[in-house]
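K.L.:
First the structure, which I've put down as structure tokens, then a few questions once you've had a look.
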Amino acid sequence: MIDEDIKKLIIARLEVLPSDKKISIGSIGEFTKEQLIESVKREDAIGRKMIQIELEFLQALKEGIVTT
Amino acid sequence: MNKKMLITRPEHDDTTHYLSHWSKKAIALAQEKGITVFDLSREKANRDKTEGILKKQEPGLVIFNGHGREDAVGGHKDEPLVIAKQNDALLREKITYAISCRSAKVLGSESIKQGAKAYLGYEEDFIFFYEPKRITEPLTDKTAELFLEPSHEAMLSLIKGNTVEEAERRTKNMFKENIQRLLSSEATKEETSMARYLWWNMKHLIAHGDKTATF
């Protein structure tokens, strides 16, 4: 069970993704922004992957290691 | 003896369609350099043909485009082409670059145990954005370019004779440049939001084996 505040944060960040583009996530498939947000809400495999990426990226930003 | 390269290019969905088209530059460069290219595209990207070429032609460089999993790389309709602990010995003495999700995690390291020179690939899902309206002309898709130009740089670098380490470095540098561009004040919010996926790809690109190896 993922903390609701974290889910809200991730959804807010995904809302900013471009609407006219699709995202290919390896062998999992191709998705729209709306599908990703639904996945986060459902906490399915894609949603959990999105949460993992967001949290790791935020951590890297915090540590200043994004482009080093 | 002339150099030989095997490349697999399934095209059964949007992702493989894009990867396949973006690999054409690498094929053209290899041919320019007089390298014999075994190009397994679409239905030809199957296990029988892949194994046949790996066994009979012994290409020094192997490039896989396609879906993957931790222990395998996939071909047409995701048929596993090379699987760890099954037929990964076919990569012996070869340098492999796989734009194939997660395959560096297990297949990469296992193939080195079987005598592969080096395996460059992604330990996690490879992610990219694309513009659906550009699907018929993937090479004109500027959004996909942000992701696929760096990832394909490794192919070009290896074909040019650079070391595996240099190919990895150049690719990561290109990812880094694109991340910096997307995080700059000139980028829109939407553009900035894609930076984390470039970072994800950069972070999970890894080389196993002899990093000083060249093709």
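All of the numbers you see were taken from the coordinates with simple rules; none came from a lab. Fair warning: this is a prediction, and the values are worked out from it, not measured in the lab. Ideal geometry is used to build each Cβ from the backbone, glycine not excepted, and the neighbour counts take in all protein chains shown.
K.L.:
Net charge near A:Lys7: determine it from the other residues with C-beta under 9 Å of the C-beta of A:Lys7, scoring Lys and Arg +1 and Asp and Glu -1. Don't jump to the answer; show the numbers that get you there.
P.N.:
Numbers: positive: A:Lys8, A:Lys41; negative: A:Asp3, A:Glu4, A:Asp5, A:Glu43.
With Lys, Arg at +1 and Asp, Glu at -1, the net is -2.
K.L.:
Under a crude label model (7 Å from the Cα following the beta-carbon direction), how far is A:Ala45 from B:Ile135 in nanometres?
P.N.:
Between A:Ala45 and B:Ile135, the label points sit 2.2 nm apart.
K.L.:
Can you give the calculated 222 nm mean residue ellipticity of chain B, where each DSSP H run of n ≥ 4 adds -39,500 (n - 2.57) and the sum is split over every residue, rounded to the nearest 500 deg cm²/dmol?
P.N.:
Theoretical 222 nm ellipticity from helices: -12000 deg cm²/dmol.
K.L.:
Based on the mean of other Cβ atoms within 10 Å per residue, sort peptides B:117-128, B:133-144 so the most packed one is first.
P.N.:
By packing density, highest mean first, the sequence is B:117-128, B:133-144.
K.L.:
Here's another thing I want to ask about it. Treat every Asp and Glu Cβ in chain A as -1 and every Lys and Arg Cβ as +1, leave all other atoms uncharged, and give the resulting dipole magnitude about the Cα centre to the nearest 20 debye.
P.N.:
100
K.L.:
What is the sum of charges, Lys and Arg at +1 and Asp and Glu at -1, for the other residues whose Cβ falls under 11 Å from the Cβ of B:Lys133?
P.N.:
Residues near B:Lys133 contribute -1 overall.
K.L.:
If the viscosity is 1.002 mPa s and the temperature 20 °C, what Stokes-Einstein diffusion coefficient in µm²/s follows for segment B:99-151 when Rh is the Kirkwood radius over Cα pairs? Can you show the working numbers first?
P.N.:
Values: Rh = 12.7 Å.
The diffusion coefficient I find is 169 µm²/s.
K.L.:
A further question on this structure: Quantify how much of the Cα-Cα distance distribution of chain A extends past 15 Å, in percent.
P.N.:
So the pairs more than 15 Å apart make up 53 percent of the total in chain A.
K.L.:
Something else now. By how many nm would the segment from B:Lys56 to B:Arg42 grow when fully extended, if each residue of separation counts as 0.36 nm and the alpha-carbon distance is taken off?
P.N.:
Extra length from B:Lys56 to B:Arg42 when fully extended: 2.9 nm.
K.L.:
Taking the Cα centre of the protein assembly as shown as the origin, how large is its charge dipole in debye, to the nearest 20, when only Lys and Arg (+1) and Asp and Glu (-1) carry charge on their Cβ atoms?
P.N.:
Result for the protein assembly as shown is approximately 800 debye, rounded to the nearest 20.
K.L.:
Here's something else I'd like to know. First measure r as the distance between the Cβ atoms of B:Lys3 and A:Ile28, then evaluate 1/(1 + (r/R0)^6) with R0 = 35 Å and state the FRET efficiency to the nearest 0.05.
P.N.:
Working: r = 35 Å, r/R0 = 1.00.
Here the calculated transfer efficiency is 0.50.
K.L.:
A follow-up question, please. Cα axis of helix A:33-42 to longest principal axis of chain A: angle in degrees, 0 to 90, nearest 10?
P.N.:
80
K.L.:
For peptide B:113-123, how many partner chain Cβ atoms fall within 10 Å of a residue's Cβ, on average?
P.N.:
Other-chain Cβ atoms within 10 Å of each residue's Cβ, averaged: 0.
K.L.:
Which whole-Hz ³J(HN,Hα) couplings does segment B:60-65 yield from phi under the Karplus relation 6.51 cos²θ - 1.76 cosθ + 1.60, θ = phi - 60°, glycine and proline marked x?
P.N.:
For segment B:60-65, the Karplus curve yields x, 10, 10, 10, 10, 10 Hz.
K.L.:
Summarise the partner chain shielding of A:24-35 as one whole number: the mean count of Cβ atoms from other chains within 10 Å of each residue's Cβ.
P.N.:
Partner Cβ neighbours, averaged per residue: 6.
K.L.:
Continuing with the same structure: Quick one: which of B:Lys77/B:Lys117; B:Lys25/B:Lys133; B:Lys94/B:Lys133; A:Lys22/B:Lys4; A:Lys62/B:Lys113 span more than 32 angstrom between C-alpha atoms?
P.N.:
B:Lys94/B:Lys133; A:Lys22/B:Lys4; A:Lys62/B:Lys113
K.L.:
Tell me the relative contact order for segment B:113-215 as a rounded percent, counting alpha carbon contacts under 8 Å between residues six or more apart. Each step should come with its number before you reach the end.
P.N.:
Values: 135 pairs, mean separation 42.4, N = 103.
Relative CO of segment B:113-215 lands at 41 percent.
K.L.:
Next question, about the same structure. Give me the mean projected area, in nm² to one decimal, of the convex hull enclosing the Cα positions of chain B. Walk me through the numbers before you get to the answer.
P.N.:
On the way: hull surface 43.1 nm².
Projected area, direction-averaged: 10.8 nm².
K.L.:
I've got another one for you. Could you tell me what % of all Cα pairs in the protein assembly as shown have separations over 23 Å? Intermediate values should be presented prior to the final figure.
P.N.:
Values: 20517 of 39903 pairs.
Roughly 51 percent, rounded to a whole number.
K.L.:
What angle do you read, to the nearest 10 degrees and between 0 and 90, between the alpha-carbon axis of helix A:45-63 and the longest principal axis of chain A?
P.N.:
Tilt relative to chain A: about 20 degrees.
K.L.:
Under a 5 Å amide H to amide H cut-off, with H placed in plane at 1.01 Å, what residues pair with B:Ser41 once short-range neighbours are removed?
P.N.:
B:Arg9
K.L.:
Taking square-rooted eigenvalues a ≥ b ≥ c of the alpha carbon gyration tensor, is segment B:126-215 rounded, prolate or oblate, where a/c under 1.5 means rounded and, failing that, a/b exceeding b/c means prolate?
P.N.:
prolate
K.L.:
Turning to a different aspect of this structure: Just check segment B:62-168 against the gyration tensor rule for me: Cα atoms, a ≥ b ≥ c as the square roots of the eigenvalues, rounded for a/c under 1.5, and otherwise prolate or oblate depending on whether a/b exceeds b/c.
P.N.:
It comes out oblate by the Cα gyration axes.
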